[in-house]
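Report on one structure; see the data block that follows.
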Amino acid sequence: MKKLALITGGAGFIGRHLARALLAQGYRVRVLDSLIEQVHGGRTVPEGLDPAVEFMVGDVRDGQATARALAGATHVVHLAAEVGVGQSMYAVERYVSVNDCGTAALFQALIEAPVQRVVVASSMSIYGEGLYQTADGDIVEDALRKPHRPGEPWDPLDEAGRPLVPAPTPESKQPALASVYALTKYMQERLTLMLAPAYGMEGVGLRLWNVYGPSQALSNPYTGVLAIFAGRLLNGQPPMIFEDGLQRRDFVHVEDVAQAFVLALEHPAAAGQVYNVGSGQDRTVREVAALLARAMGREDIVPEITGQARAGDIRHCIADIGKIGRELGYAPRRDFSEGLAELAAWVAEQRAVDRVAEARRELEARGLVA
Ligand code: UD1
């Protein structure tokens, strides 16, 4: 029997790339997606979804829609979620409803129609601050961010007041949930790993770092930072950089993320596990802003460094991708500068509605940037 993968939220950025990767692996692919306005801009037909995908419009919280979408499915990838860390701090009910009630509803339906394996998109945000080292080389697991005061360092400090240095964060680091978004992602992950085996299924969680690549929603002001910056530069506007821009992340190309999902769906060793998914290389937000501006030929636009922090944001978290490499054979293939060139070429063909100032006002009005 041909394998049939249901991708919830599969009309989105990651889902569209994953759908193509699964089709290439010989799966039949079905997508259930509610096409939310913030991402899909009011479209009723998804853009860029491979025509071989069977598309169903519907909300994962709607039990009947989900049951229909599960008919005949052998595998599920659960991507349907709200994704903005900053926005989650005020749109609390919406984030908890879509992410947590959505996952609960999916499992309610899966109890009646179990599949072989469910892979859920978890997030590095569940770690809160990543792992750090002191200047003496001691590992710090529980670094915390204090509210920032002008003139003080942005980085978490050791007991002697010296800045801690970020270190690659493995899956064994304890979660430290610093945003509503992170809390909901942890819930999605735990629910999957708890309920799948209780009903004879295999559950896998992928903790994704910052995913970038062509076809990310450019007009969503709560999308990933590279897409936001690309939209700004396309419109001749300066990227707005929070804090001092020296916060570090791991930017991973969406095709590498699709590779990780295929491995997580197929590899026998993945059952019951969680894996970090990144590129293994970390960069500052300021550095990626400069590299993107160069790739887009807009080095003339100088980013605005706001010196303000967004509530819920962590300072640094960089990925240790050793486990997924050893156990599943994952190896990121996409070079960052080639990925940016590809992104720039795609962006040049797009139009972006700039809602960044609007989003900033929403956060400011609630005291969520300071
Ligand atoms: C992102 C994802 C989240 C994913 C997580 C995993 C989005 C919206 N969020 O969260 O779903 O689980 O990665 O790592 O894709 N920044 C600016 N200017 C801006 C926007 C952001 O300076 O206009 C800064 C932020 O303050 C932060 C960094 O860029 O320091 C990254 O922000 P963002 O792209 O929202 O990603 P995460 O919060 O890491």
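The values are calculated or read from the model by the stated rules, or taken from the named source; none is laboratory data. What you see is a predicted model, and the numbers here were worked out from it, not measured in a lab. Positions of Cβ are backbone-derived with ideal geometry, glycine not excepted, and every protein chain shown enters the neighbour counts. Side chains are part of the model used for accessible areas, which takes the heavy atoms of the whole protein and leaves out ligands, DNA and RNA. Shrake-Rupley method; radii C 1.70, N 1.55, O 1.52, S 1.80 Å.
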- prompt: To the nearest 20 debye, what charge dipole does segment 1-92 have about its Cα centre, counting +1 at the Cβ of each Lys and Arg and -1 at the Cβ of each Asp and Glu?
  reply: 400
Whole-number accessible area per residue in Å² for segment 57-196, which is evaluated in the context of all protein chains at 1.4 Å: 44
task: Please figure out what share of the DSSP beta bridges in the chain is antiparallel and state it in percent, rounded to the nearest 5.
output: 20
message: Let me check I've understood the local charge: for Arg355, count other residues with C-beta under 11 angstrom from its C-beta, Lys and Arg +1, Asp and Glu -1. What total comes out?
response: 0
query: Relative to the present Cα-Cα distance, how much length would full extension add between Ala24 and Ala198 at 0.36 nm per residue of separation?
result: 59.5 nm
- line: Cβ-Cβ cut-off under 11 Å around Arg283, Lys and Arg +1, Asp and Glu -1: the net charge is 0
message: Suppose each label sits 7 Å from its Cα in the direction of the beta carbon; what would the Glu112-Arg149 distance come out to in nanometres?
response: 5.8
statement: Stretched fully, the stretch from Glu342 through Glu304 gains (0.36 nm per residue minus C-alpha distance, one decimal, in nm) 11.2 nm
Signed unit charges on C-beta, dipole axis of the chain, positive-most listed residue Leu226, Phe261, Gly63: Gly63
- prompt: Roughly how tilted is helix 254-266, in degrees to the nearest 10 and between 0 and 90, from the longest Cα axis of the chain?
  reply: 40
message: With every protein chain left in place and a probe of 1.4 Å, what is the accessible surface of Ser172, to the nearest 10 Å²?
response: 80
query: Once you put a point 7 Å from the Cα of Glu327 and another 7 Å from the Cα of Ala370, both along the Cβ direction, what distance in nm separates them?
result: 4.0
- request: As a check on your grasp of the helix formula, calculate [θ] at 222 nm for the chain: sum -39500 (n - 2.57) over DSSP H runs of n ≥ 4, divide by the residue count, round to the nearest 500.
  value: -10000 deg cm²/dmol
message: How big is the dipole moment of segment 118-250 about its Cα centre under a simple scheme where the beta carbon of each Lys and Arg is +1, that of each Asp and Glu is -1, and everything else is neutral? Debye, nearest 20, please.
response: 540
- line: The distance between the Cα centres of segment 163-218 and segment 332-370, in whole Å, is 22
- request: With everything on Cα atoms, drop me the angle between helix 356-365 and the longest principal axis of the chain, reported from 0 to 90° to the nearest 10.
  value: 80
query: Once Lys and Arg get +1 and Asp and Glu get -1 on their Cβ, which of Val277, Gln308, Pro332 lies farthest toward the positive end of the dipole of segment 253-341?
result: Gln308
Pair-distance profile P(r), taking every C-alpha pair of the chain, with 20 angstrom steps and integer %: 30, 60, 10, 0
query: Mind checking the angle between helix 225-234 and the chain's longest principal axis? C-alpha axes, 0 to 90 degrees, to the nearest 10.
result: 70
task: Could you give me the radius of gyration and the Dmax of segment 51-93, taking only the C-alpha atoms into account and expressing both in angstrom?
output: 13.7, 38
- line: Share of accessible surface on carbon and sulfur in the chain, whole %, 1.4 Å probe and ligands ignored, is 51
field: Debye-sum result for segment 107-252 in log10 I(q)/I(0), which assumes one identical scatterer on each alpha carbon, at q = 0.18 Å⁻¹
entry: -1.15
task: With +1 on each Lys and Arg Cβ and -1 on each Asp and Glu Cβ, and nothing else charged, work out how big the dipole of the chain is about its Cα centre, in Debye to the nearest 20.
output: 680
task: Eight or more residues apart or on different chains, and alpha-carbon atoms under 25 Å: count the Lys pairs in the chain matching that.
output: 5
